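Input: a single structure, listed below in structure tokens.
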Amino acid sequence: MKTFLLAICVFAAASPTLSAQAVGAAPAVANADLKFVVYFSRHGVRSPTGAAAQYNRYSAGVWPEWDVPPGYLTPHGYHLMELFGSYDRDKLAQQGLLSTEGCADTGKVTIDADSDQRTRESGSALAKGLFPGCQLPVTALPEGTPNPLFHASVASTIPLSGAQAVAAIAGRIGNNPNNLTEAYRPQLASLDHLLATCGRAPAGESQRTSLLDIPATLSVGHNDHAVELQGPLNTAATLTENILLEYTEGMDPAKVGWGCVDGATVRSLIALHAAASDFARRTPEVASLQAAGLLEHIREAIEQAVTHHAIVGAPSRVTDLALFMIGHDTNIENMAGMLNLNWIVDGRRDDTPPGCVVVFELWKVRATGAYEVRLYFTTQTVEQMRFAKQLSLEVPPDRVPIFVPGCSRADFSCSWESFSRLTRQPAGVATAAPRHITPEMPMPNHRSERPGSDRYPN
């Protein structure tokens, strides 16, 4: 196992220890008041989006069955999101934006979720944590209805042709998707070894498919994906995400990677997921196509807080103090690719685990009245998720500042004007159509994505 860990790691762990005070937080905001916050969150821990049999062909052992349908938020995942919501309330109260308790501020907070069960239920859990015993509705489109806020339609909102999107990725990989396999062959081989040797195959089980035997392809996508990137790396991304879900769900250790995976191994494995996302979702041209509309809506929500004037189609109300948006890792990775954002949290580079959040804070400088925007990335550690550890101001989730190239200054702040210019939707890109919002209501959601596609589970 030690050999496996050494082989799979993509960056060294033996670096000098630096204090969290030095590198884990942005300089304190002095002489300014927090006016508005946007939380863009990934949903909480869910089951894999495909049935176990879909993944068994890649492993000697059988993947565990889950107690919820494919792609559903689990009860454990619900509880984790509730814990995060409770912490968010404490943090916002500490920052002077919300009261410490009670229901009075529910009318100043909007929670908007994508239409999937896992996003709608994550929104409900956040609402329960934020305002226990209160009634804070979650808005969402009906189940199964694509929400243009979270899923940009390639056909209607993207002016760049699919061929150009493919070229943008091809230009990063030498115009040959097999190069991705070669670039990550040592890490893929180590994962393949784990899949081949961990767990026990049932009698009569057919021979498994090695990751390294999967064809690598790159083609034009459809619907809300501009590009389809398939192959060993993207299949590995699906499988490592599934192992992360097993671990963070708190499954019996014997079921997590068939007893071969612990927290350190999870952190190493998930680097393959981040690498696949870097090409499929963070390539700037592709990311801009899929995130421009979303960032435009976030900008509109913040602009309302700056100008105190309502904007038609904005995802929040002009009187709101906080907006919570619950979507997918695809959304966060697309936004990061468009704005060239990076982070390292909990020993993982650019990972977007369940429940992670990109935070957009709007501050007003007292002396000048100028507005500033600051970005943070926050997530529970994998151990905080696995053991459902209570979060508090004394024992918080990991939170790191994000530097926005072309916008951030030395204290990590962007002027409102710079941030607005950077996130304003380019001319010619259609704004998401008006949405018919309904109260949150769990409904069936059986969504299955095939491993190896850039649509690996989100």
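The values are calculated or read from the model by the stated rules, or taken from the named source; none is laboratory data. Here the structure is a predicted model, which means the values were calculated and not measured. Note that we place each Cβ from the backbone using ideal geometry, even for glycine, and neighbour counts take in every protein chain shown. Heads up: the accessible areas ignore ligands, DNA and RNA and are worked out on the full protein's heavy atoms, side chains in. Shrake-Rupley method; radii C 1.70, N 1.55, O 1.52, S 1.80 Å.
Quick notes
- Options Gly257, Gly231, Gly250: the member that is more than 18 Å from the chain's Cα centre (by Cα), small (Gly, Ala, Ser) and open to solvent by 10 Å² or more (accessible area, probe 1.4 Å): Gly250
- Scanning the stretch 84-116 for residues that are surrounded by 24 or more Cβ atoms within 10 Å (Cβ to Cβ) and either on the phi > 0 side of the Ramachandran plot or assigned to a helix (DSSP H, G or I) (or both) yields Phe84, Gly85, Asp88.
- Answer from Ile326, Ile311 - the residue that is in a strand (DSSP E or B) and either open to solvent by 10 Å² or more (accessible area, probe 1.4 Å) or more than 11 Å from Phe377 (Cα to Cα) (or both): Ile326
- Checked against (1) open to solvent by 10 Å² or more (accessible area, probe 1.4 Å); (2) closer than 23 Å to Thr352 by Cα, Ile214 meets all criteria but (2).
- Selection status of Ala433, out of contact with any Gly (no Cβ under 6 Å at 6 or more places or on another chain), among the aliphatic types (A, V, I, L, M), part of a loop (DSSP other than H, G, I, E, B) and modelled with pLDDT of 95 or more: no
- Residue pairs meeting the criteria (Cβ under 6 Å; at least 6 apart or on separate chains; first without any contact (Cβ under 8 Å) to a residue 24 or more places away in the chain and farther than 15 Å from Phe324 by Cβ, in the stretch 87-103; second outside any helix (DSSP H, G or I) and open to solvent by 60 Å² or more (accessible area, probe 1.4 Å)): Ala93/Thr100
- Applying the criterion of being of a type in the set (Ser, Thr, Tyr) and surrounded by 22 or more Cβ atoms within 10 Å (Cβ to Cβ) to the residues of the stretch 260-306, the residue that is farthest from the chain's Cα centre (by Cα) is Ser268.
- Selected residue (only one of Ile332, Ile243, Ile326, Ile298 is free of Cβ contacts under 8 Å to residues at least 40 places away in the same chain and out of contact with any Pro (no Cβ under 6 Å at 6 or more places or on another chain)): Ile243
- Among the residues of the stretch 161-196, those that are in contact (Cβ under 8 Å) with a residue 24 or more places away in the chain and of a type in the set (Gly, Ala, Ser) comprise Gly162, Ala163, Ala165, Ala168, Ala170, Ala189, Ser190, Ala196.
- Close pairs from the stretch 356-376: first over 13 Å from Met335 (Cβ atoms), partner open to solvent by 30 Å² or more (accessible area, probe 1.4 Å) and at pLDDT below 95, Cβ under 8 Å, at least 6 apart: Trp363/Val29; Val365/Asn31; Arg366/Asn31; Ala367/Asn31; Arg374/Val29
- When Asn342 is tested against the conditions (1) closer than 22 Å to Thr283 by Cα; (2) crowded, with 16+ Cβ neighbours inside 10 Å, the lone failure is (2).
- Given (1) farther than 30 Å from Pro70 by Cβ; (2) in contact with a helix residue (DSSP H, G or I) (Cβ under 9 Å, 6 or more places away or on another chain), index of the condition Gly96 fails: (2)
- Taking every residue in the stretch 250-271 that is part of a helix (DSSP H, G or I) and pairing it with any residue that is open to solvent by 50 Å² or more (accessible area, probe 1.4 Å) and of a type in the set (A, V, I, L, M), at least 6 positions away or on another chain, the pairs with Cβ-Cβ distances below 7 Å are Ala271/Val10.
- Residue check, Pro146 surrounded by fewer than 21 Cβ atoms within 10 Å (Cβ to Cβ), in contact (Cβ under 8 Å) with a residue 24 or more places away in the chain, within 20 Å of the chain's Cα centre (by Cα) and part of a loop (DSSP other than H, G, I, E, B): yes
- Against the numbered list (1) closer than 20 Å to Val29 by Cα; (2) touching a helix residue (DSSP H, G or I) at 6+ places or on another chain (Cβ under 8 Å); (3) β-branched (Val, Ile, Thr), Val365 comes up short only at (2).
- Residue count for the stretch 43-83, restricted to those that are closer than 20 Å to Asp398 by Cβ and buried (at least 22 other Cβ atoms within 10 Å of the Cβ): 7
- The residues listed here are Ser418, Ser392, Ser448; of these, the one that is assigned to a loop (DSSP other than H, G, I, E, B), out of contact with any His (no Cβ under 9 Å at 6 or more places or on another chain) and modelled with pLDDT of 95 or more is Ser392.
- If you go through the stretch 358-373 and pick out every residue that is among the aliphatic types (A, V, I, L, M) and open to solvent by 50 Å² or more (accessible area, probe 1.4 Å), you end up with 1.
- For the stretch 235-247, filtering for residues that are open to solvent by 10 Å² or more (accessible area, probe 1.4 Å) and either under 16 Å from Asp350 (Cα atoms) or in contact with a strand residue (DSSP E or B) (Cβ under 9 Å, 6 or more places away or on another chain) (or both) leaves 0.
- Where Ala163 falls short, out of the listed (1) assigned to a loop (DSSP other than H, G, I, E, B); (2) modelled with pLDDT under 95; (3) open to solvent by 20 Å² or more (accessible area, probe 1.4 Å): (1)
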